[in-house]
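Participant: Here it is, the structure in full.
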Amino acid sequence: MTSGPPCAGVGHTRRVAWNVVIAGGGFAGAHVAHKLEGMLPKQSARLALVNDVNFVLYTPFLPEAAAGLLEPRHVVTPLREILDRTYLRLGAVTAHDPVARTLELRSHQGDTEELRYDQFVIAVGSVSRTLPVPGLDEHAIGFKSLADAIWLRNHVVETLEEANATEDPTRRERLLTYVFVGGGYAGLEALAELQDFAADAMDSYPRARLHGMRWILVEATQRVLPEIDASLADYAVRELRGRGIEVRLGTTIDAVSATDATLSTGETVPTRTVVWTAGVRPQPSLRHLSVPLDERGRVRVDDHLRVEGMDGVWALGDCAAVPDPRGGLAPPTAQHGIRQARVVAHNVSCALSGGATPRRYEYSSKTAFVNLGRYKAVGRIGARNFSGFVAWWMARTYHLSQIPGLSRKIRAVIDWTISLPFQRDLSEVGSIGHPRPLRDEEYESGGSHRPLPAPGETDDEAEEFEARG
Ligand SMILES: Cc1cc2nc3c(=O)[nH]c(=O)nc-3n(C[C@H](O)[C@H](O)[C@H](O)COP(=O)(O)OP(=O)(O)OC[C@H]3O[C@@H](n4cnc5c(N)ncnc54)[C@H](O)[C@@H]3O)c2cc1C
């Protein structure tokens with residue numbers, strides 16, 4: 001839908017190309033760049049996208065990557081595969097001068113560079129939202145990045161290995177208890193897929209299987225999945241409870257330690273695994289970008305996604321407080337981020353070229369799916385609700401159509417097909433990405449893939465020592 005007077009753009013005929021800089025290469029930022037490539041003639045604009053990694057993570061597949069159903073590399077798409085002429089810069093935008101219209105780009109090596117812009121698009125996303133719960137930052141893990149998913153899978157395998165080996169029943173209980181906090185779609189899907197993985201893997205751990213596992217979902221409100229219909233949320237809870245998962249509604253977590261989680265009911269749950277999936281908050285680096293923020297740290301934008309009180313600066317996706325025409329704000333989902341990207345690309349192009357009419361953001365999400373593992377899901381398309389196998393099949397088909405890049409779609413299908421006849425892969429490959437230095441003493445205590453720490457030291461201390469050099 002269009003609105004407002006035509007843009008007072010300056011035309012594509014300017015001698016010097018316009019500089020458009022996009023901060024953030026997630027769903028929102030990558031889509032803005034992709035759309036602008038098609039809208040702005042080559043000579044008229046230089047597009048630059050700044051992101052900390054050179055890929056987009058397809059987060060809806062993160063739980064399946066954690067459960068080993070999809071190869072971690074197959075749930076990301078290289079930005080260079082979807083962008084043609086956008087100049088990709090690795091690093092982060094760390095400062096913004098709106099008067100001089102410049103940005104500071106900092107690389108992973110600590111080098112800084114000044115970037116000039118005519119149009120600046122902010123799409124830096126969000127991070128896990130934490131609360132001041134004692135021990136949370138030290139002993140819990142979020143579920144937001146590929147690193148979180150890979151770590152969690154390796155961690156679950158390690159707990160199964162240890163639980164199978166130990167003679168101590170208290171220790172085994174602790175190792176085989178997994179607590180997830182937050183009943184939104186991310187938490188529920190992660191828990192369902194990992195529990196499914198661990199239940200299958202149990203065949204290889206007879207002593208652990210004899211003891212049994214405990215999976216607990218802790219949710220502060222009286223229902224899970226606020227994003228979908230209450231009847232579907234109830235279906236999801238029944239399905240999880242049917243698998244023996246404890247769903248604790250109206251319960252919060254009061255403290256986390258290396259050995260326990262304390263619930264608001266007063267119960268102390270012995271556990272080595274607390275996964276925190278209780279929502280997101282805007283990227284903290286927004287504080288340095290000299291843009292107006294709301295009380296929750298989101299960039300304030302108008303209904304055209306223009307940053308309030310600023311010319312040529314736009315924000316969208318998880319990091320922005322985007323007004324929903326039906327009231328309130330648009331939720332932080334990829335679906336909204338992608339739709340907002342189309343509007344921002346159009347409005348940026350319009351601001352540079354003039355002529356066209358800027359667009360207002362109006363989209364109401366009509367599709368939502370939540371995967372429950374074991375070939376089951378719940379979902380909604382328009383006014384229709386679906387559950388069970390049909391919903392699972394629709395969810396897979398939908399996500400397959402959404403993951404960017406043809407090669408990623410094919411790889412996902414191959415991964416799923418291969419996982420059907422074979423047992424779950426139980427290799428614990430946490431050492432990937434952590435090469436050891438070329439020093440004999442590193443290997444003194446034995447082991448060459450994941451050398452053991454020196455006597456009296458734990459793995460964590462050894463890693464800290466390494467990090468200090
Ligand atoms: C497990 C999980 C499952 C999900 N499933 C769904 C689903 O099924 N459907 C759905 O609609 N949504 C889903 N979501 C939500 C969806 O992933 C987010 O809404 C979406 O990723 C937001 O897109 P974004 O581009 O705003 O932010 P992001 O995707 O977070 O991208 C932001 C990018 O900016 C980078 N960045 C950060 N700071 C800077 C800086 N200063 N300078 C430059 N770059 C920076 C980040 O590293 C990141 O690459 C899920 C989320 C999770 C965690």
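The values are calculated or read from the model by the stated rules, or taken from the named source; none is laboratory data. Just so it is clear, the structure is predicted and the values come from calculations on it, not from any experiment. A quick note on method: Cβ atoms are made from the backbone with ideal geometry, for glycine too, and the neighbour counts reach across all protein chains shown.
Participant: At least 2 residues that are of a type in the set (Phe, Trp, Tyr) and away from the ligand (no atom under 14 Å from the Cβ) in each: list the strands (runs of 3 or more DSSP E) lying fully within the range 204-293 that qualify. Explain how you work it out, then say what you get.
Facilitator: Details: elements: 214-218, 246-248, 253-256, 260-263, 268-270, 273-276, 280-282.
Of the strands (runs of 3 or more DSSP E) lying wholly inside the range 204-293, none has at least 2 residues that are of a type in the set (Phe, Trp, Tyr) and away from the ligand (no atom under 14 Å from the Cβ).
Participant: Sticking with this one: How many of the residues making up the range 133-166 are in a helix (DSSP H, G or I), within 15 Å of the ligand (Cβ to nearest atom) and not small (Gly, Ala, Ser)?
Facilitator: Within the range 133-166, residues that are in a helix (DSSP H, G or I), within 15 Å of the ligand (Cβ to nearest atom) and not small (Gly, Ala, Ser) number 6.
Participant: Here's a follow-up. Scanning for something part of a helix (DSSP H, G or I) and either among the charged types (D, E, K, R) or modelled with pLDDT under 85 (or both), does the range 393-408 turn up at least one residue?
Facilitator: Yes, some residue in the range 393-408 is part of a helix (DSSP H, G or I) and either among the charged types (D, E, K, R) or modelled with pLDDT under 85 (or both).
Participant: Does ALA356 count as assigned to a helix (DSSP H, G or I), more than 19 Å from PRO60 (Cβ to Cβ) and small (Gly, Ala, Ser)?
Facilitator: On the way: assigned to a helix (DSSP H, G or I): no; more than 19 Å from PRO60 (Cβ to Cβ): yes; small (Gly, Ala, Ser): yes.
Considered against the rule, which asks whether it is assigned to a helix (DSSP H, G or I), more than 19 Å from PRO60 (Cβ to Cβ) and small (Gly, Ala, Ser), ALA356 comes out as no.
Participant: Could you please tell me which pairs satisfy a Cβ distance under 6 Å, a separation of 6+ or placement on different chains, a first residue in the range 119-130 that is in contact (Cβ under 8 Å) with a residue 40 or more places away in the chain, and a second residue that is among the small types (Gly, Ala, Ser) and assigned to a strand (DSSP E or B)?
Facilitator: Final answer for the pair search is ILE122/ALA23; ILE122/ALA315; VAL124/ALA23; SER128/GLY142.
Participant: Of (1) away from the ligand (no atom under 12 Å from the Cβ); (2) under 25 Å from the mean Cα position of the chain (by Cα); (3) in contact (Cβ under 8 Å) with a residue 12 or more places away in the chain, ASN347 satisfies all except one. Which?
Facilitator: Of everything listed in (1) away from the ligand (no atom under 12 Å from the Cβ); (2) under 25 Å from the mean Cα position of the chain (by Cα); (3) in contact (Cβ under 8 Å) with a residue 12 or more places away in the chain, ASN347 misses just condition (2).
Participant: Which of the numbered conditions does GLU227 fail, given that it passes all the others? Conditions: (1) farther than 25 Å from SER145 by Cα; (2) in contact with a helix residue (DSSP H, G or I) (Cβ under 9 Å, 6 or more places away or on another chain); (3) among the acidic types (Asp, Glu).
Facilitator: Failed condition: (1).
Participant: Only one of VAL75, VAL121 is surrounded by 18 or more Cβ atoms within 10 Å (Cβ to Cβ), among the β-branched types (Val, Ile, Thr) and within 30 Å of ALA190 (Cα to Cα). Can you tell me which?
Facilitator: VAL75
Participant: Which pairs do you get when a residue that is assigned by TED's automatic domain parsing to the domain that holds ASN371, found in the range 385-396, comes within reach of a residue that is among the acidic types (Asp, Glu) and modelled with pLDDT of 90 or more, reach meaning Cβ atoms under 9 angstrom, with the pair 6+ apart or on two chains?
Facilitator: Note: pairs meeting the criteria are SER387/GLU239; GLY388/GLU239.
Participant: Sticking with this structure for a sec: Only residues that are buried (at least 16 other Cβ atoms within 10 Å of the Cβ) and either more than 11 Å from LEU217 (Cα to Cα) or touching a helix residue (DSSP H, G or I) at 6+ places or on another chain (Cβ under 9 Å) (or both): list them for the range 244-253, please. Before you say what the answer is, go through the steps one by one.
Facilitator: In the first step, residues of the range 244-253 are kept if they are buried (at least 16 other Cβ atoms within 10 Å of the Cβ); the result is 245, 247-248, 251-253.
Passing the criteria: ILE245, VAL247, ILE253.
Participant: Follow-up question, since we're still on this one. Conditions first: (1) more than 26 Å from the chain's Cα centre (by Cα); (2) on the phi < 0 side of the Ramachandran plot. ASN154 passes all but one, so which condition is the exception?
Facilitator: Result: ASN154 fails condition (1) only.
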